[in-house]
Amino acid sequence: MSPEGDLFGAGESGRKSPEKVTKPVKKPVAAARSGTPGEADYNADSIEVLEGLEPVRRRPGMYIGGTDEAALHHLFAEVLDNAMDEAVAGHATWIDVTLEADNWLTVIDNGRGIPVDPHPKFPKKSALEVIMTTLHAGGKFDSGASQTSGGLHGVGVSVVNALAEKLEVEVARGQQLYRQEFSRGIPLGKLQTLGKINNRRGTKVRFRPDEQIFGPTAAFKPARLFRMARSKAYLFGGVEIRWHCDPAIVAGTETPPEAVFRFPGGLKDYLASDLEGKELVTDQFFTGKVDKPGGHGSVEWAIGWMAQEDGFVHSYCNTIPTADGGTHEAGMRVALLRALKDHAERVGQSKRAGNVTTDDVLATCGALISVFIREPEFQGQNKGRLMSQEASRVVDGVIRDAFDHWLAGSPAQAAKLLDWVIERSEERLRRRAEKDVSRKTAVRKLRLPGKLADCSNTSMADSEIFIVEGDSAGGSAKQARDRASQAILPLRGKILNVASATKDKLAANQQLADLVQALGCGTGKQYRAAELRYGKVIIMTDADVDGAHIASLLITFFWRQMPELIDAGHLYLAVPPLYKLTQGAKMAYARNDAHKDDLLKSYFNTRGKVEISRFKGLGEMMAAQLKETTMQPSKRSLLKVIVLADQKDATADSVERLMGNKPEARFAFISENAQFADSEVLDI
Ligand code: 0R9
């Protein structure tokens, strides 16, 4: 490469960099070799280097987080960050990025140039060679200007060198042009002095990632490089980044082959491009930039509240994305919340704003925050969290003051924002309350008996439960029901007669325990009306004597254990048919013999033959029949079980006599009432 070549030609069209801090260059190291040595041409130094960078090649994941696409692009981030450091320190004004077709990537800056003086510790080597071949070497020579501590949070450019099949560095410094080449971290020769140059300075790094590490198909993605380069320009308004890409690679894509990124508006421009076309809560963004006195760092931010979208916070330290947030983000969150609450107090809204949290403030806001600090400390898996405590304090102070001013300066905007955030907090509380209810419901559902086929409605008013006897009736009822509003609880076998059972027997009875659990309202003194899960509790038994017996046992249970449930009018009896009557196209159901006789006389033609079939039980009915005759609210009849207020004692007495554990009382009752009894009819 000739010193008059185009190496830094790109810079001529750019702005001149300030020369203020350029150090006097010591005698350049003379080129030691004329040719380019092959890989096997190791000398003692190269073996030393190999040992130094060998861990990187052996375990790249430890240094760049893997060997995938993200890791590959980390190489670019590292080189770009070094160039950015030089720009942020005020020594470079432009950076040039070029992607070639065969995966060669070049980054050039117009900074001071990497120092080429002999290294104090290894006087035989230049500083440049040492930083290219020694892990974590950057800091040792760094005059302190480097703020990022290396793009990959300290791993340094030597890692890129170790993982590059080939890497070339050119430095223009002190009117001389220098060059050195490396392969897989090993110098292919000494630093060469190529000759004199005028009015140019800076560093160029050109490299091709090693296929041995990243695989033969790994290739830089132009769109990703483009985005990374553009975002750096947004983060530091004082730099111009020029993008070039072989047109063949981006043909047919949205990535242009050439672009210039220069955003003096900094984060404000960045946010404007991010939120382009989105509906905003306030017309203006809340933005600002404050340099700490004495050049000790700076804070820049841009925040906009969106009306429809979920929010995001993107934070950066020294232009490096801090994906896991950290102290700067924490400072911003606290500042926004406190300033907004202070404002709420000033405008007499402190009560409404009482429950507002940082999450409410940030829920729909797009926020960018960027800090520049010396010697930042990072933590986390990928060192993506800023830990420097100072950042939290500084950001909190700076943003709180500025937000106070912003809110006070435009009351209309502040009112809109405050309303918006308060609504978010109210909505959050509402959602939490709903979640609590559904969690409680879910917990209760878990405790429901296994054989209950519950309905999906959760409100008592919109749901009813059918207590049916036997699995086969339960099966028909499940098919016939409306799943949303009708639950089915099948009970198997005879129900315990609670009027004659001991307390122990009652407590041990699984059927009744299931029933109590399904209803959810407890029994006896523990009865809680508000917890009853169904508005109608419907006993549905066969329309025969056995069915009537079971119904009476269940009613007895409710009378003894949940009298309030009867008093409140929740207990019903279903009225299933006993007969089906057909005459030609005419059809009717009769619930008992008397009803059947009535229908025969009044509904059917008395001269014709009427077919009468008797249902053996609910389980034998087709689901559609059961639905139509007994369960469907619009067609069915229900009998409400009531106890007249003035007959409570008489009822208690009758239940005791009929159902109690004194057979002689029952016998007497039957003898007295036998004349009125109709064995097939249950009239309640
Ligand atoms: C194209 C990508 N650019 C770079 O990698 C790059 C590194 C770099 C640099 C310095 C200047 N420009 C750079 N570009 C530099 C110079 C001086 C002091 N610190 C930094 C100086 O002139 O005194 N360096 C980054 C690390 C080092 N230089 C060092 F460790 F070698 F000092």
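Annotations for the structure displayed:
- Test result for Arg393, under 21 Å from Asn355 (Cβ atoms), open to solvent by 40 Å² or more (accessible area, probe 1.4 Å), basic (Lys, Arg) and part of a helix (DSSP H, G or I): no
Yes/no matrix, rows are residues, columns are (1) more than 59 Å from the chain's Cα centre (by Cα); (2) open to solvent by less than 40 Å² (accessible area, probe 1.4 Å):
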{"site": "His549", "(1), (2)": "no, no"}
{"site": "Pro563", "(1), (2)": "no, no"}
{"site": "Ile566", "(1), (2)": "no, yes"}
{"site": "Pro576", "(1), (2)": "no, yes"}
{"site": "Leu581", "(1), (2)": "yes, yes"}
{"site": "Gly608", "(1), (2)": "yes, yes"}
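- Taken together, the residues in the stretch 628-684 that are of a type outside the set (S, T, N, Q), closer than 23 Å to Glu464 by Cβ and at pLDDT 85 or above amount to 11.
- So Ala453, is it free of Cβ contacts under 8 Å to residues at least 40 places away in the same chain and out of contact with any helix residue (DSSP H, G or I) (no Cβ under 9 Å at 6 or more places or on another chain): no
- Top-ranked residue of the stretch 279-306 - restricted to ones that are part of a loop (DSSP other than H, G, I, E, B) and touching a residue at least 60 places away in the same chain (Cβ under 8 Å), ranked as surrounded by the most Cβ atoms within 10 Å (Cβ to Cβ): Gly297
- Residue ID - surrounded by the fewest Cβ atoms within 10 Å (Cβ to Cβ), chosen from residues in the stretch 54-82 that are near the ligand (Cβ under 9 Å from one of its atoms) and closer than 16 Å to Phe226 by Cα: Leu80
- Odd one out for Ala89, checked against (1) within 8 Å of the ligand (Cβ to nearest atom); (2) modelled with pLDDT under 95; (3) surrounded by 18 or more Cβ atoms within 10 Å (Cβ to Cβ): (3)
- Residue list for the stretch 551-581, filter: part of a strand (DSSP E or B), under 30 Å from Ile612 (Cα atoms) and among the aliphatic types (A, V, I, L, M): Leu573, Ala574, Leu581
- Checking each residue of the stretch 363-385 against the condition of being within 24 Å of Arg431 (Cα to Cα) and either assigned to a helix (DSSP H, G or I) or among the charged types (D, E, K, R) (or both) gives no match.
- Test: residue in the stretch 237-250 that is touching a Cys at 6+ places or on another chain (Cβ under 8 Å) and more than 16 Å from Tyr316 (Cα to Cα): no
- Within the stretch 524-536, the residues that satisfy the criterion of being open to solvent by 40 Å² or more (accessible area, probe 1.4 Å) and either hydrophobic (A, V, I, L, M, F, W, C) or not in a helix (DSSP H, G or I) (or both) are Arg528, Ala529, Ala530, Lys536.
- Tally, over the stretch 210-250, of residues that are of a type in the set (Ser, Thr, Tyr) and free of Cβ contacts under 8 Å to residues at least 12 places away in the same chain: 1
- Any hit, the stretch 218-231, residues being in contact with a Lys or Arg (Cβ under 8 Å, 6 or more places away or on another chain) and aromatic (Phe, Trp, Tyr): no
- Every residue from the stretch 320-350 that is touching a strand residue (DSSP E or B) at 6+ places or on another chain (Cβ under 7 Å) and open to solvent by less than 60 Å² (accessible area, probe 1.4 Å): Thr322, Gly325, Gly326, Thr327, His328, Glu329, Met332
- Restricted to the stretch 582-673, the set of strands (runs of 3 or more DSSP E) holding at least 2 residues that are closer than 28 Å to Pro563 by Cβ comprises 638-640.
- The stretch 471-517, residues that are open to solvent by less than 30 Å² (accessible area, probe 1.4 Å) and in contact with a Pro (Cβ under 6 Å, 6 or more places away or on another chain): Gly474, Asp514
- If you go through the stretch 58-101 and pick out every residue that is aromatic (Phe, Trp, Tyr) and either more than 36 Å from the chain's Cα centre (by Cα) or in a loop (DSSP other than H, G, I, E, B) (or both), you end up with 1.
- When residues in the stretch 102-138 are screened for being in contact with a helix residue (DSSP H, G or I) (Cβ under 8 Å, 6 or more places away or on another chain), more than 11 Å from the ligand (Cβ to nearest atom), in contact (Cβ under 8 Å) with a residue 40 or more places away in the chain and assigned to a loop (DSSP other than H, G, I, E, B), 3 of them pass.
- Filter result for Ala335 (at negative phi and part of a helix (DSSP H, G or I)): yes
- Some residue of the stretch 189-209 being within 16 Å of the ligand (Cβ to nearest atom), open to solvent by less than 50 Å² (accessible area, probe 1.4 Å) and part of a helix (DSSP H, G or I): no
The values are calculated or read from the model by the stated rules, or taken from the named source; none is laboratory data. None of the values given here were measured: they were computed from a predicted structure. Note that we place each Cβ from the backbone using ideal geometry, even for glycine, and neighbour counts take in every protein chain shown. In case anyone asks, the SASA skips ligands and DNA or RNA and just uses the protein heavy atoms, side chains included. Shrake-Rupley method; radii C 1.70, N 1.55, O 1.52, S 1.80 Å.
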